[in-house]
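Asker: This structure is in structure tokens; I'll ask about it shortly.
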Amino acid sequence: MKAEKVIERGQLEQLGEKLRQAGKTVVTTNGCFDILHVGHVRILQQARALGDVLIIGINSDASVRKLKGESRPINNEDDRAELLLALSAVDYVTVFDEDTPVEFLKLVKPNVHVKGADYRPENLAETPVVESFGGRVEILALVPGRSTTNVVSRIQGN
């Protein structure tokens, strides 16, 4: 794996500052990314097109279990990070333990934070944080019928 592209929490603030000083537009997104599918790939490509660098915050295994239940994640956080880094759209990945990416975003201070259209900016804990340092939240269209929950349901025969 591109270990230098998996960023530890203690390195996030420095990375964000370095990128901003270089004049880069920093884009972030977050999620579990438990089973990578075409919906993820397309939204990550769209997110990357909004800036120069894409940093993804993924929920830790413990955080995914808390949010999705004891049967998840299907893939562990190291595998999920490696799969995401294999995509040309993705520059860096970090893992966070919290339910929301707020702490990750406070450190990176992105210019743009991306979420899928199943979210509304006014309902996101991260919106006021991103806006507090001059960034914006962008909502991108989803690929209909493509979700990890749907994939897991099909595998389980539901």
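The values are calculated or read from the model by the stated rules, or taken from the named source; none is laboratory data. All values reported here derive from a predicted model rather than from experimental measurement. Cβ coordinates were reconstructed from backbone atoms using ideal geometry, including for glycine residues, and neighbour counts include every protein chain displayed.
Asker: Can you name every residue in region 112-158 that is of a type in the set (Ser, Thr, Tyr), surrounded by fewer than 16 Cβ atoms within 10 Å (Cβ to Cβ) and modelled with pLDDT of 95 or more?
Answerer: Within region 112-158, Ser132 is the sole residue that qualifies.
Asker: Output the residues belonging to region 60-78 that are touching a residue at least 40 places away in the same chain (Cβ under 8 Å) and either crowded, with 23+ Cβ neighbours inside 10 Å or within 23 Å of Leu15 (Cα to Cα) (or both).
Answerer: Correct list: Pro73, Asp78.
Asker: Further question: Enumerate the pairs (first residue in region 45-59 and within 19 Å of Lys106 (Cα to Cα) and in contact (Cβ under 8 Å) with a residue 60 or more places away in the chain; second residue anywhere and of a type in the set (D, E, K, R) and assigned to a loop (DSSP other than H, G, I, E, B)) with beta-carbon separation below 8 Å, excluding pairs fewer than 6 apart on the same chain, so at least 6 apart or on different chains.
Answerer: Gly51/Lys24
Asker: May I ask you to say which residue of Ala89, Ala81, Ala49 is surrounded by fewer than 19 Cβ atoms within 10 Å (Cβ to Cβ), touching a strand residue (DSSP E or B) at 6+ places or on another chain (Cβ under 7 Å) and within 24 Å of Lys18 (Cβ to Cβ)? Quick ask: steps written out before the conclusion?
Answerer: Working: Ala81 fails: surrounded by fewer than 19 Cβ atoms within 10 Å (Cβ to Cβ); Ala49 fails: touching a strand residue (DSSP E or B) at 6+ places or on another chain (Cβ under 7 Å).
Only one candidate qualifies: Ala89.
Asker: Please name all residue pairs, on different chains or six or more residues apart, with Cβ atoms under 6 Å, provided the first residue is in region 11-35 and is free of Cβ contacts under 8 Å to residues at least 60 places away in the same chain and the second residue is assigned to a loop (DSSP other than H, G, I, E, B).
Answerer: So the pair list comes out as Lys24/Asp52.
Asker: Could I ask something else about it? Given the conditions (1) modelled with pLDDT of 95 or more; (2) closer than 17 Å to Phe96 by Cβ; (3) surrounded by 15 or more Cβ atoms within 10 Å (Cβ to Cβ); (4) not small (Gly, Ala, Ser), report the number of the one that Glu13 does not fulfil.
Answerer: In the conditions (1) modelled with pLDDT of 95 or more; (2) closer than 17 Å to Phe96 by Cβ; (3) surrounded by 15 or more Cβ atoms within 10 Å (Cβ to Cβ); (4) not small (Gly, Ala, Ser), Glu13 misses (3) alone.
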